[in-house]
Amino acid sequence: MYPELQALIHEAEFQYLQEEDLNRFSQEIATLKDRIDAYKILRDEEISIFQGIVDQVIAKFPQENSQKIETTIRHWLLITRYSGMAMMLNNHEFLEHRLLEWLTDIVQAYESQVIFQAIYSLLLVKLNSVLSEDELAHIEPFLAQSNNYLTNGAILAN
């Protein structure tokens, strides 16, 4: 579930944690508050975050099929939700196994890389305005993981 904590808990089964391990444990617990706060903002502000992105994407790609834009936005909603949970768990494997492995084929079939990348960039800008620096630092690696996983290696059709 939470790989760093799991490793420390397993280690504690055999011996008391040393000072270095206790410091790591404390650090992991301390960042959990920021992760929860970021998750709550993502959850509570999802509509306003994505409405602004939708408006900008439509303006940026007026010639694009509205169904393609809508589908891409839906995929980014899913990615953001799963990234939020992966952030809470601090577990990149959760994101990969629960979402990215099956979403890759769907994204390849329906979207263009240009729109996908535009939404990713707009999402980061928007999150920068609604999350604190620490909160953004917790969610951004999971969003980047998703973006990289789905766009690297020419996965998406242009």
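For the chain, find the longest principal axis of its Cα atoms and tell me its angle to the long axis of helix 66-89, 0 to 90°, nearest 10.
Between the helix axis and the principal axis of the chain, the angle is about 0 degrees.
Straight distance only, please: which lysines reach the Cα of Lys60 with their own Cα at less than 24 Å, same-chain residues fewer than 8 apart left out?
Lys68, Lys126
Nearest 20 debye, what's the magnitude of the dipole of the chain about its Cα centre given +1 on Lys and Arg Cβ and -1 on Asp and Glu Cβ?
Dipole of the chain, to the nearest 20 debye: 720 debye.
Evaluate Rg over Rh across the chain, taking Cα atoms for both radii and Kirkwood's formula for Rh.
Ratio of gyration radius to Kirkwood radius: 1.06.
How about the range 1-87: which chymotrypsin sites (Phe, Trp or Tyr not before Pro) there are in a DSSP loop, with at most 14 other Cβ atoms within 10 Å of their Cβ?
The qualifying sites are Phe14, Tyr16.
Under 1.5 on a/c is rounded, so check that first for the range 29-116, then, if it is not, pick prolate when a/b is larger than b/c and oblate when it is not; a ≥ b ≥ c are the square roots of the alpha carbon gyration tensor eigenvalues.
Cα axes put the range 29-116 in the oblate bin.
Take the alpha carbon atoms of the range 1-54, find their center, do the same for the range 74-133, and report the distance between the two centers in whole angstrom.
19
Once the Cα atoms of helix 133-151 and of the chain are each reduced to a long axis, what angle between those two axes, in degrees from 0 to 90 to the nearest 10, is obtained?
Long axis of 133-151 versus the principal axis of the chain: about 60 degrees.
Every read-out reported here was derived from the displayed coordinates using simple, explicitly stated rules and does not represent laboratory data. Keep in mind it's a predicted model, so treat the numbers as computed, not measured. Here Cβ is always computed from backbone atoms with ideal geometry, including for glycine, and neighbour counts include all displayed protein chains.
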